[in-house]
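Student: One structure follows; several queries about it will come next.
The values are calculated or read from the model by the stated rules, or taken from the named source; none is laboratory data. Source: prediction; values computed, not measured. A quick note on method: Cβ atoms are made from the backbone with ideal geometry, for glycine too, and the neighbour counts reach across all protein chains shown. When the accessible area is computed, the model is the full protein with side chains, heavy atoms only, and any ligands, DNA or RNA have been set aside. Shrake-Rupley method; radii C 1.70, N 1.55, O 1.52, S 1.80 Å.
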Amino acid sequence: MRQAPSSFLDLVERRQSVRRYLDKPVEREKIERCLEAARLAPSTSNSQPWRFVVVDEPQLRGRLADRTRGPLGSFNTFTPQAPVLVAVVTDAPNLEARAGALLKRRDFRLIDIGIAAVQFCLQATELGLGTCILGWFDERGVKRALGVPPGRRVHLIITLGYPADSEQRPKKRKGLAQIRSYNRYRAHGE
């Protein structure tokens, strides 16, 4: 089992995309805790434009996993072994968020569900669980399988389970100097 993180930055460093899971169910209490972390995420005008459809029933989970495969089944091949799949569905925005989206020509719901998904995943990491956020899947098939009504979108699916190994892969990220400037935009090296 993974060691518990000692700080927020440690938690962020430990969170990684997990693509191999143990054949072990995830306790409902842990799933609920992850959902609570997502529920507490900030959102535009407090619109909370999300619904989380938790799929842990094996047959439905298998049907859903089949809809996450890439062309020719080339990627997301690990999803059938994840004990839980969580579909993140966007609801209609409230009036303030809708007005802001029109004025700024930006769908704030996408930002909001991104924040909620990260909080879900960080909570999972703290509980010793692994996650992977998927954006590639057959949305129409997923909506049909889950009974998502017209006018709603499934933007993400999060896999959830106990990681098959405790290896902490090194993160390959740009250096801070490459992504940061103060008071004015500067490209790296300027």
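Student: Fully extended, how many nm does the chain gain between Y182 and V12 (0.36 nm per residue separation, minus their Cα-Cα distance)?
Tutor: Here the segment from Y182 to V12 would lengthen by 58.9 nm.
Student: While we're here: Could you please report the charge total around G141, scoring K, R as +1 and D, E as -1 over all other residues with beta-carbon less than 9 angstrom from its beta-carbon?
Tutor: So the surrounding residues net to +2.
Student: Could you tally the net charge around K171, taking each other residue with its Cβ under 14 Å from the Cβ of K171, Lys/Arg +1 and Asp/Glu -1?
Tutor: +3
Student: Let's see if you can work this out: charge +1 on each Lys and Arg Cβ, -1 on each Asp and Glu Cβ, no other charges. What is the dipole magnitude of the range 105-190 about its Cα centre, in debye to the nearest 20?
Tutor: Charge dipole of the range 105-190: 520 debye, to the nearest 20.
Student: Tell me the carbon and sulfur percent of the accessible area for the chain, rounded to whole percent, probe radius 1.4 Å.
Tutor: About 52 percent, which is the carbon plus sulfur part of the accessible surface.
Student: Still on this structure, please answer the following. Using the charge dipole of the chain (Lys, Arg: +1 at Cβ; Asp, Glu: -1 at Cβ; taken about the Cα centre), state which of P170, A38, P58 has its Cα farthest towards the positive end.
Tutor: My answer, from the dipole projection, is P170.
Student: Once phi is turned into θ = phi - 60°, what whole-Hz ³J(HN,Hα) does the Karplus curve with 6.51, -1.76 and 1.60 give for every residue of the range 31-46, x standing for Gly and Pro?
Tutor: For the range 31-46, the Karplus curve yields 4, 4, 5, 5, 5, 5, 4, 5, 4, 7, 5, x, 8, 4, 6, 6 Hz.
Student: Moving to a separate point now. Compute, for the chain, the length of the dipole vector about the Cα centre, with Cβ point charges of +1 (Lys, Arg) and -1 (Asp, Glu) only. Units Debye, rounded to 20. Before the final figure, lay out each step's value.
Tutor: Numbers: 33 positive and 20 negative charges, 153 e Å.
Roughly 740 debye for the chain.
Student: Okay, moving on. How about K24: which lysines have a C-alpha closer than 27 Å to its C-alpha, ignoring those fewer than 8 places off in the same chain?
Tutor: Answer for K24, where 27 Å is the Cα cut-off: K143, K171, listed by chain and number.
Student: Please report the net charge: other residues with Cβ closer than 9 Å to the Cβ of L85, K and R +1, D and E -1.
Tutor: Working: positive: R61; negative: D56.
Overall, the nearby charge balance is 0.
Student: Using a Debye calculation, one point per C-alpha and no hydration shell, please list log10 I(q)/I(0) for the range 119-167 at q = 0.13, 0.17, 0.20, 0.21 Å⁻¹ in order.
Tutor: -0.41, -0.62, -0.75, -0.78
Student: Ok, one more. Rounded to the nearest whole Å³, what is the per residue volume of the convex hull around the Cα atoms of the chain?
Tutor: 165
Student: Give the value in nm², to one decimal: projected area of the alpha carbon convex hull of the range 74-163, averaged over all directions.
Tutor: Numbers: hull surface 28.1 nm².
That works out to 7.0 nm², a quarter of the Cα hull's surface.
Student: Please list, ordered by chain and number, the residues whose modelled amide H lies under 5 Å from the amide H of L134; skip anything fewer than 5 residues away on the same chain.
Tutor: I157, I158, T159
Student: Roughly how many Å² is the accessible area per residue of the chain, as a whole number, for a 1.4 Å probe? Working shown, then result.
Tutor: Numbers: 11680 Å² over 190 residues.
Result: 61 Å² per residue.
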